[in-house]
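Here the structure is laid out as structure tokens; the discussion comes afterwards.
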Amino acid sequence: MQFFDDIIEMIKEFIEELRRKLKDANVLTPEVKEYFELITVYRAKKQGRGTTETDKSPGANVQNEPPNADTSLFSRVIDRLCSSVRLYVKIKIMVYQEVYQAIEGFDHYLKQELEFCEKKIDDVFTNLYKVSFSQDLNCGTDNSKIFWQQNIWLNPFTFNFDSISQAAKTLKSKGRSWAPCFFKLYRRGALIQEKLPHIPNKPKPFPWTIPKTPLGAWTLLDEHTIMASAECSSPFPGGHVEFVQNHFDAPSRAYLKLYEAFTRCGTYPSFGSKCFEAGASPGGWTWV
């Protein structure tokens, strides 16, 4: 029946889409496998090939069913589909956690944005906002609407430690480069940072290439607890970069914005490039 065939095609497309979107494909592997086996048997039956005695798929026994068993087999496929869709709905909503570092002096704007985007603020550590939120696994996280932030800690975790060396060793096991973001226990934090690979913090010349090694962020919650993230949205320590300034030739400090923009993008205007600046006064961008 053409109607059943069309539905089967829709089911197969749904399964393939499901498998592609789920990062952990093993979650539904038994379910998805049975879908394909049932669909394969159904198609073989429709094409008059039947099934072999060695076929051990869940739908293999349909070879002994009467000719009008199409509806029965189709119902089995639909039942399996509905069963796994219910399972998928249960697992597809995942809870994410992130830490947002507010721009100094603009904490209230960041808080409003987080609330608007339905991100629950779990803890606030001075200018660090730890949030949790539910998100469809298909979509992942979306930070495009959060503007008043200096840096986002994308996969934060916490761990306890007994000594300075143990804290540094644990951080090294999670990533190579770490930038501190302290709001208390500065001396203890400095002792831990000394045991980590050095992060150059001098003003950068322009042009400057961002290191390929990911830069993590960490802080002390108390004397024996660290919160950290090996993945951050900004490649700069604390989300801030400082360039060597020209205090004599530049008409304004606006050129530093272009320095950062070009550095982040990894591209620069070259000979013959056409650039347009609307409202060039006093001309800091044009000077670049």
Exercise. Taking the stated definitions as given, is Ala250 in contact with a helix residue (DSSP H, G or I) (Cβ under 7 Å, 6 or more places away or on another chain) and farther than 30 Å from Asp122 by Cβ?
Worked result: yes
Exercise. Hey, among the residues in the range 159-184 that are among the aliphatic types (A, V, I, L, M) and touching a Phe, Trp or Tyr at 6+ places or on another chain (Cβ under 6 Å), which one's surrounded by the most Cβ atoms within 10 Å (Cβ to Cβ)?
Worked result: Ala167
Exercise. Does Phe276 satisfy the condition of being more than 30 Å from Leu171 (Cα to Cα), among the aromatic types (Phe, Trp, Tyr) and at pLDDT below 85?
Worked result: yes
For this session: Sort out which residues of the range 185-221 are surrounded by 18 or more Cβ atoms within 10 Å (Cβ to Cβ) and over 30 Å from Tyr259 (Cα atoms), and write them in order of number.
Result: Gly189, Ile192, Leu220
Exercise. How many of the residues in the range 175-204 are in a loop (DSSP other than H, G, I, E, B) and charged (D, E, K, R)?
Worked result: 4
For this session: Could you tell me whether the range 216-225 includes any residue that is out of contact with any helix residue (DSSP H, G or I) (no Cβ under 9 Å at 6 or more places or on another chain), under 30 Å from Asp162 (Cα atoms) and either part of a helix (DSSP H, G or I) or without any contact (Cβ under 8 Å) to a residue 40 or more places away in the chain (or both)?
Result: yes
Exercise. Can you pull out the residues in the range 226-261 that are part of a helix (DSSP H, G or I), crowded, with 16+ Cβ neighbours inside 10 Å and not acidic (Asp, Glu)?
Worked result: Pro237, Gly238, Gly239, Tyr255, Leu256, Leu258, Tyr259
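The values are calculated or read from the model by the stated rules, or taken from the named source; none is laboratory data. Everything quoted here is computed from the prediction, not taken from an experiment. For neighbour counting, all protein chains shown are included, and Cβ atoms are generated from backbone atoms with ideal geometry for every residue, glycine included.
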